[in-house]
Amino acid sequence: MPINRSRGLRAALAGAVLAAALPGASAQQQPGGAPTPGSAPAAPATTAAPAATQDRGSALYGRPESGEAAKLAPIAAPPLPAPAAKLPVDRLKVPPGFKVEVFASGVANARSLRQGDQGTVFAGTRLLDRVYAIRDTGDKREVKVIASKLHRPNGLAFHKGALYVAELSKIWRFDDIEAHLDAPPKPVLVYDDLPKDEAHGWKFIAIGPDDKLYVPVGAPGNIQMPPDTHAQIRRMNLDGSGVEVVASGVRNTVGFDWNPATKQLWFTDNGRDWVSEDIPEDELNVLREPGKQHFGFPFCHQGTFTDPEYGWGRSCADFTPPAALLGAHTAALGLRFYTGSQFPDSYRNAIFVARHGSWNRTRKLGGDVVAVKLGPDGKVASVDPFLTGFLDDNRYLGRPVDVLVAKDGSLLVSDDYNGAIYRISYQP
Amino acid sequence: MRRFLLALALMAGAAAPAPAEPLGERLAPCLACHGADGRSATPDVPSLGGQPADYLITQLYQFRENQRTAPPMNEMAAGLSDDDLRAFADEIAKLPPPRPEGAGPETALVQRARALVGRHQCNSCHGADLAGRDAIPRIRGQREDYLLKALAGYKSNARPGYDPAMNEVAQGLSEADIRDLAAFLSRS
């Protein structure tokens, strides 16, 4: 259980000890299964390539030229879902009194989750082209595709009967969707004034308590000076009008929700790659003054660490520090405040955060769901593992993407690696 | 002649063979174009020898779902079940890697291409020997015309990658870069 060994996972405010080195950063083979067939013929001497200047804007910009770093690369989830019998549910661990089971299988590449007023669970995808609806028909759950031919339809929002779907550069609205799951209506285009960059182009979206649609635009690469159109969170009216930037200096958020008590937006932000195995950590941030806060990218990471290239002449004190740090390269994605009544009182208004799991570390970190609890002052008091077991011997058995507090108070968790959704319930 | 007829059948838009046939027979139309020895002799059609099974599955899946358009592959894959995709991918992955095309690359090309490989970090995913792994394809020894088409397709986004990595990387490639990379990789 790497998370327990991780001193990097803590509710640290600015000023946290940067030297919280994670143990076990030893050289470890990338998962790759059997050796690639037929890689025997003499290799072209590409590893001996002269050190070339890397292009800014590339997702790989900043990577050291050789050595162990060269073994690290993002991990793509397979297009075919794991059969129900092969899901790792028996390996998953939750705190005493909680139970985890399979909610739905056969949901290939399941990513962002939303639930409709009538109980339908919707799931977006990033590598496929579709959006799913999952209906509980009593003893089994029926998974159907309600929209396809979409380009990276990762983001979903549900509001007054309509499902909002965010492609890479277009946001659509499917009206009265739950009454038309078998023959969904033609969607209405809500907004398409968005960049088409593939890097960090897929989106998480949500509609806030202010009845406005929140849409992030990620940085178009690992580390660079972003154009004015990127590295931000926008909000707009539900018809796509009245667009304003509410947060800047946001590298790539793929999850946010509003604190039920303060109505403030809390969001995850994925830190840059290639500086180090152990820094920077992903952030949990709070938007207190929409339009006035800068969260650091590309100048300052994790609230305490000025960028080796862009940080010169800057101070982290000039930017909003994170409310909590979520571990180096853990890919903290979806989050929700727990607003149900099924879980014990100590979870009321706690935040569940899905950490997809690192690729930019030799020793993998994350691949779990953590529970973030707030103190009476509204600040982060603790960050603890909640759902673990996906990481086994430095390989992923599954990768959590998003969480959803279902109407019955249980917590649903999507796993894009297996194409499955799990359900966590409390049964004391 | 048999190969030629099979290729013709493909051009005529024959659907995937019926599942009742043994796998070898079902693969025959594939290999008619892609090459039974792992090396394609058909213009614009990639060699499949040495490709990792995970990569083959993602491409077959994308063809079946029309996420990647490449006639006649979309029609060929249309009738395949998930189990078919796995079986085809596993079997095709056993083909031996193709020998490089022609003589080795000339020195000036090697220098330009190595600089490009370094700058664009090709090794990071495709491996030190560019032989691929998991869902990442082998690119060395691939047909030059296919590499040209693939890289141009990523750059224009006409070919959406399964994962967006190649669309990101290709934005920084000039037409001359693409020509150099395709020439170098096909001869390496």
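Worth a mention:
- Of the strands (runs of 3 or more DSSP E) contained entirely in the stretch A:362-428, those carrying at least 1 residues that are within 24 Å of A:Arg141 (Cα to Cα) and of a type in the set (Phe, Trp, Tyr) fall at A:420-426.
- Test: residue in the stretch A:41-60 that is at pLDDT 95 or above, among the small types (Gly, Ala, Ser), surrounded by fewer than 20 Cβ atoms within 10 Å (Cβ to Cβ) and assigned to a loop (DSSP other than H, G, I, E, B): no
- Sole residue being more than 10 Å from chain A (Cβ to nearest Cβ) and closer than 25 Å to A:Pro64 by Cβ, chosen from B:Ile139, B:Ile178: B:Ile139
- The stretch B:71-108, residues that are charged (D, E, K, R), over 16 Å from the mean Cα position of the chain (by Cα) and part of a loop (DSSP other than H, G, I, E, B): B:Glu106
- Residue satisfying all of: in the stretch A:130-145; surrounded by fewer than 21 Cβ atoms within 10 Å (Cβ to Cβ) and assigned to a strand (DSSP E or B); farthest from the other protein chains (Cβ to nearest Cβ) among these: A:Asp136
Yes/no per residue for (1) under 27 Å from A:Arg126 (Cβ atoms); (2) within 16 Å of the chain's Cα centre (by Cα):
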| site | (1), (2) |
| --- | --- |
| B:Arg112 | no, no |
| B:Gly118 | no, no |
| B:Ala128 | no, no |
| B:Tyr146 | yes, yes |
| B:Pro164 | yes, no |
| B:Glu168 | yes, no |
| B:Arg179 | no, no |
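- Count - residues of the stretch B:77-99 that are within 13 Å of B:Ser188 (Cβ to Cβ) and either surrounded by 19 or more Cβ atoms within 10 Å (Cβ to Cβ) or assigned by TED's automatic domain parsing to the domain that holds B:Pro29 (or both): 2
- Filter result (more than 10 Å from chain A (Cβ to nearest Cβ) and on the phi < 0 side of the Ramachandran plot) within the stretch B:93-113: B:Glu101, B:Ala103, B:Glu106, B:Thr107, B:Ala108, B:Leu109, B:Arg112
- Filtered residues of the stretch A:88-107 (kept if out of contact with any Leu (no Cβ under 9 Å at 6 or more places or on another chain), closer than 17 Å to A:Ala420 by Cβ and part of a loop (DSSP other than H, G, I, E, B)): A:Gly106, A:Val107
- Test: residue in the stretch A:189-196 that is within 14 Å of chain B (Cβ to nearest Cβ) and part of a loop (DSSP other than H, G, I, E, B): yes
- Test: A:Phe98 is more than 14 Å from chain B (Cβ to nearest Cβ), within 22 Å of the chain's Cα centre (by Cα) and in contact (Cβ under 8 Å) with a residue 40 or more places away in the chain: no
- Selection of the stretch B:56-94 for residues being farther than 28 Å from A:Ser148 by Cα and touching a Pro at 6+ places or on another chain (Cβ under 8 Å) yields B:Ala93, B:Lys94.
- The stretch A:160-173, residues that are over 26 Å from B:Pro164 (Cα atoms) and either in contact with a Lys or Arg (Cβ under 9 Å, 6 or more places away or on another chain) or among the β-branched types (Val, Ile, Thr) (or both): A:Ala162
The values are calculated or read from the model by the stated rules, or taken from the named source; none is laboratory data. Quick caveat, the model's predicted, so the values are computed rather than measured. Using ideal geometry, Cβ is built from the backbone for each residue, glycine included, and neighbour counts are taken over all protein chains shown.
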